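To start, the structure under review is shown below, and the notes come after it.
The values are calculated or read from the model by the stated rules, or taken from the named source; none is laboratory data. Here the structure is a predicted model, which means the values were calculated and not measured. Positions of Cβ are backbone-derived with ideal geometry, glycine not excepted, and every protein chain shown enters the neighbour counts.
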Amino acid sequence: MMEENKFGTHKYCEMCGKIFPVSYEKTTCDACEEEGLFRKARDYIRMFAVSENQLIKDLGIPRSMISRWIREGRIELTGVETKKMTTGGQCTLCGAGIRFGNYCSACMSKMNQNGSGKMYTAKNSSRSGLSRMK
């Protein structure tokens, strides 16, 4: 949508109303465009059990965006490759493939057993065989 006022001609994002210069080629801002892709991906995941690679192939959404949504806990993939997934789909601590968040269920269990979300391991220990990892 375009409008003329005392500051010159400009147009608005169709979704949120953010103001753009007339030279801006798209009809929506980057944030609204990403939100639209997210909704498309979320609905697709709800209909089909897909992996990250299938989502990229079928919808053309960039891998980095999907990986960020997984890390943020916004989406959970159900068709997960079991050994290792692509960037963003790996446990932060052990590297196992995950469908949601930052940690696999095994590492989450270990952190919960030790209390307050902290994980202790025997390697790199400075005192009594334990070192803390966050």
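Pairs please, first residue from region 95-116 and free of Cβ contacts under 8 Å to residues at least 40 places away in the same chain, second anywhere and buried (at least 17 other Cβ atoms within 10 Å of the Cβ) and small (Gly, Ala, Ser), Cβ atoms under 8 Å, 6+ apart in sequence or on different chains.
Short answer, once both residue conditions are applied: Gly97/Gly89; Ile98/Gly89; Arg99/Gly89; Cys104/Ala96; Cys104/Gly97; Ala106/Ala96; Cys107/Ala96.
Select the strands (runs of 3 or more DSSP E) contained entirely in region 1-101, then report the ones holding at least 2 residues which are modelled with pLDDT of 90 or more.
On the way: elements: 2-5, 8-12, 19-21.
Hits in region 1-101: none.
Pick from region 106-121 the residues that are at pLDDT 80 or above and not hydrophobic (A, V, I, L, M, F, W, C): which of them is surrounded by the most Cβ atoms within 10 Å (Cβ to Cβ)?
Here the answer is Lys110.
Within region 27-34, identify whether any single residue is in contact with an Asp or Glu (Cβ under 7 Å, 6 or more places away or on another chain) and over 20 Å from Phe100 (Cβ atoms), and answer yes or no.
yes
Can you name every residue in region 39-66 that is touching a Lys or Arg at 6+ places or on another chain (Cβ under 8 Å) and farther than 17 Å from Arg99 by Cβ?
Residue satisfying the conditions is Leu59 alone.
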